[in-house]
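The values are calculated or read from the model by the stated rules, or taken from the named source; none is laboratory data. Note that the coordinates shown come from a computational prediction; the quantities given were computed from them, not determined experimentally. Cβ: placed from backbone, ideal geometry, glycine included. Neighbour counts: every protein chain shown.
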Amino acid sequence: MSNSKTLSVSVGRKPAEIYDFILDPENLPRWAPAFSQSAIKSGNEWKVESPDGLVTIRFVERNEFGVLDHWVTMPSGQVVLNPMRVIPNGDGSEVVFTLYQRPGMPDDKFEADAQMVASDLQTLKITFEG
């Protein structure tokens, strides 16, 4: 088993609105600037310029459960699953992201990635709430 961290943010908007926004990878640079500088569609996948180099992202099919799991193929060819959900939280939403420590990843790199995800989730909140 890998070490993991589950990070979340509460956002004062309806889950469907946030779900649709996140599911469109063209929005990645807007809410996840620490991870994505650009996103270009390539068939059923998206090529994303990330701090680790050019990665490929593929989301699960659109669904009614708020599941936004996605696979990231690293420049090395390693495929990483990122479980993600948008769930109702009163009149708003909770966005939940689980990060796994990849095999061979140093602890300090894992912590830096967790900080990057936390920062991007805060940017998502600011994007919707101003």
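From the list Glu94, Glu45, Glu61, exactly one residue is over 24 Å from Ser8 (Cα atoms) and either touching a helix residue (DSSP H, G or I) at 6+ places or on another chain (Cβ under 6 Å) or acidic (Asp, Glu) (or both). Which is it?
Testing whether each residue is over 24 Å from Ser8 (Cα atoms) and either touching a helix residue (DSSP H, G or I) at 6+ places or on another chain (Cβ under 6 Å) or acidic (Asp, Glu) (or both) leaves just Glu45.
Determine which single condition Arg102 fails, assuming it passes every other condition in (1) in contact (Cβ under 8 Å) with a residue 24 or more places away in the chain; (2) in a loop (DSSP other than H, G, I, E, B); (3) loosely packed, with under 15 Cβ neighbours inside 10 Å.
(3)
Within region 64-79, track down each residue that is out of contact with any helix residue (DSSP H, G or I) (no Cβ under 7 Å at 6 or more places or on another chain) and under 24 Å from Lys125 (Cβ atoms).
Scanning region 64-79 gives Glu64, Phe65, Val67, Asp69, His70, Val72.
Taking region 17-70, which residues are farther than 20 Å from Thr98 by Cα and assigned to a loop (DSSP other than H, G, I, E, B)?
Scanning region 17-70 gives Gln37, Gly43, Asn44.
Whether any residue in region 30-51 is exposed (fewer than 12 other Cβ atoms within 10 Å of the Cβ) and within 29 Å of Met1 (Cβ to Cβ) is what I want to check.
No, there is no match, as no residue in region 30-51 is exposed (fewer than 12 other Cβ atoms within 10 Å of the Cβ) and within 29 Å of Met1 (Cβ to Cβ).
Residues are listed down the side, and each one gets a yes or a no for (1) of a type outside the set (Ser, Thr, Tyr); (2) modelled with pLDDT of 95 or more; (3) farther than 14 Å from Tyr19 by Cα; (4) surrounded by fewer than 16 Cβ atoms within 10 Å (Cβ to Cβ):
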| residue | (1), (2), (3), (4) |
| --- | --- |
| Ser93 | no, yes, no, no |
| Pro106 | yes, yes, yes, yes |
| Lys109 | yes, no, yes, yes |
| Ala114 | yes, yes, yes, no |
| Leu124 | yes, yes, no, no |
| Phe128 | yes, yes, no, no |
